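Have a look at the structure below, then the notes.
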Amino acid sequence: MKIQPEDEMEIQNPQNVNHEFVAEIDAEKCFSRRSFEKWERATHSHGASLRELMHLRVGKFPRVVDMVFFPKNSDQTEKFVELAHKHNVMVIPYGGGTNVTQALYLKQMEKEERMIVSLDMSRMNKVQWIDRENMIACVQAGIRGQDLERDLKSNGVICGHEPDSMEFSTLGGWISTRASGMKKNTYGNIEDIICGITLVTPKGTYR
């Protein structure tokens, strides 16, 4: 059976906006950018599993996020999470979108009454410093694998982590999924490579 792709993405759920939350994040100016655009909301509502790609092809998703939010640093992320918790808004972190475990798939959220926001980390994509003496670096979570390797190599070092999705996946995604790579026999998995993380949660930030 041949499945024809749809010309237009059909979003089945009405957009749910918590206006008090949006007004407060606007007042706090705690973002680089935010978007209510239909195509961006759809893009941030699926990963790369077979089921999700099939939904993408036929043009129907059971549920999509209501807004996409782009922070540019940890301070903005902390403020955003604080306000989301205050206003009872659901947050789904988004890295490169390569996820195949359906962590981004919102089928189970069809009846969710809260506003759902995708927290896109793509603008937190910098290598902040490199310590050659101790062979460590401080890197933001949204950097893609190929960009991380390029920036490290320009300083004479490498990360050592090389998953199949390296071109598109992000450091934050690797850590959150305990990712493995093709060089694991030499450098280990991602949990063997990282020295520490900054974790932003509704209960506070842990370093």
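Throughout, read-outs are computed from the coordinates displayed, never taken from laboratory work. Because the structure is a prediction, the values reported are computed rather than measured. As a convention, Cβ positions derive from the backbone with ideal geometry for all residues, glycine included, and neighbour counts pool all protein chains shown.
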> Restricting the search to region 132-175, which residues are basic (Lys, Arg), touching a residue at least 24 places away in the same chain (Cβ under 8 Å) and more than 21 Å from Asn99 (Cβ to Cβ)?
Replying inline: Arg132
> Taking region 59-107 only, how many residues are assigned to a loop (DSSP other than H, G, I, E, B) and either basic (Lys, Arg) or within 21 Å of Glu28 (Cβ to Cβ) (or both)?
Replying inline: 9
> Going through region 37-52 one residue at a time, which ones are exposed (fewer than 13 other Cβ atoms within 10 Å of the Cβ) and of a type in the set (A, V, I, L, M, F, W, C)?
Replying inline: Trp39, Leu50
